[in-house]
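Structure first, commentary second.
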Amino acid sequence: MGSTYRCVVSHHTGGYSVPNTSKGTLYRGREGMWSWVAHRITGIAIFFFLLVHVLDTAVVRVSPEAYNAVMHIYKNPIMGLGEAVLVAAIVYHAFNGIRIILVDFWKNGAKNQKAMLWGVLVLWAVVMVPFLVRHFMLVFGGH
């Protein structure tokens with residue numbers, strides 16, 4: 001029950017004391033690290049989606065036929081899977097971003113970061129399960 005905390009100054013949290021476990025600081029080797037990695041991966045994926053989206057939308061100015069060909073590719077059911085992955089990334093990134101703000105600016109944020117991460121994952125599942133059911137019905141149901 002009794003967790004050992006040692007005060008350390010963290011650049012990431014603006015100088016607040018953060019919990020230190022036997023394996024390291026908040027972001028080294030534990031849940032905090034994996035949430036950090038997932039946040040970076042989802043951020044990069046969202047960036048590249050937006051880049052491709054801007055470029056493929058700009059194709060309409062060059063050639064409406066080319067734009068229509070691109071849109072035809074997007075109607076492929078495999079793209080429906082890609083849309084699901086994109087929404088999953090956006091939802092995780094948004095909820096985890098709120099968690100990061102709380103870790104950085106709430107006095108007890110670093111101490112509660114593990115519980116907040118589990119909250120992020122539960123909220124993510126609560127949002128994603130109904131979305132995926134509906135989305136896959138539309139993508140693979142023929143409607």
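The values are calculated or read from the model by the stated rules, or taken from the named source; none is laboratory data. Nothing here was measured: the structure is a model prediction, and the numbers come from that model. Every residue, glycine as well, gets a Cβ built from its backbone with ideal geometry; the counts of neighbours run over all protein chains shown.
Report whether or not residue 69 is within 30 Å of residue 30 (Cα to Cα) and among the small types (Gly, Ala, Ser).
Numbers: within 30 Å of residue 30 (Cα to Cα): no; among the small types (Gly, Ala, Ser): yes.
So residue 69 does not fit the description; no.
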Checklist line | Yes/no for residue 64 being surrounded by fewer than 11 Cβ atoms within 10 Å (Cβ to Cβ) and touching a residue at least 60 places away in the same chain (Cβ under 8 Å) | finding: no
Check: Of these, 29, 15, which one is out of contact with any His (no Cβ under 6 Å at 6 or more places or on another chain) and modelled with pLDDT under 65?
Finding: 15
Note to self: With out of contact with any helix residue (DSSP H, G or I) (no Cβ under 8 Å at 6 or more places or on another chain) and part of a helix (DSSP H, G or I) as the only criterion, which of 129, 59 stands out?
What the structure shows: 129
Check: Going through the stretch 86-113 one residue at a time, which ones are buried (at least 17 other Cβ atoms within 10 Å of the Cβ) and outside any helix (DSSP H, G or I)?
Finding: 109, 110, 111
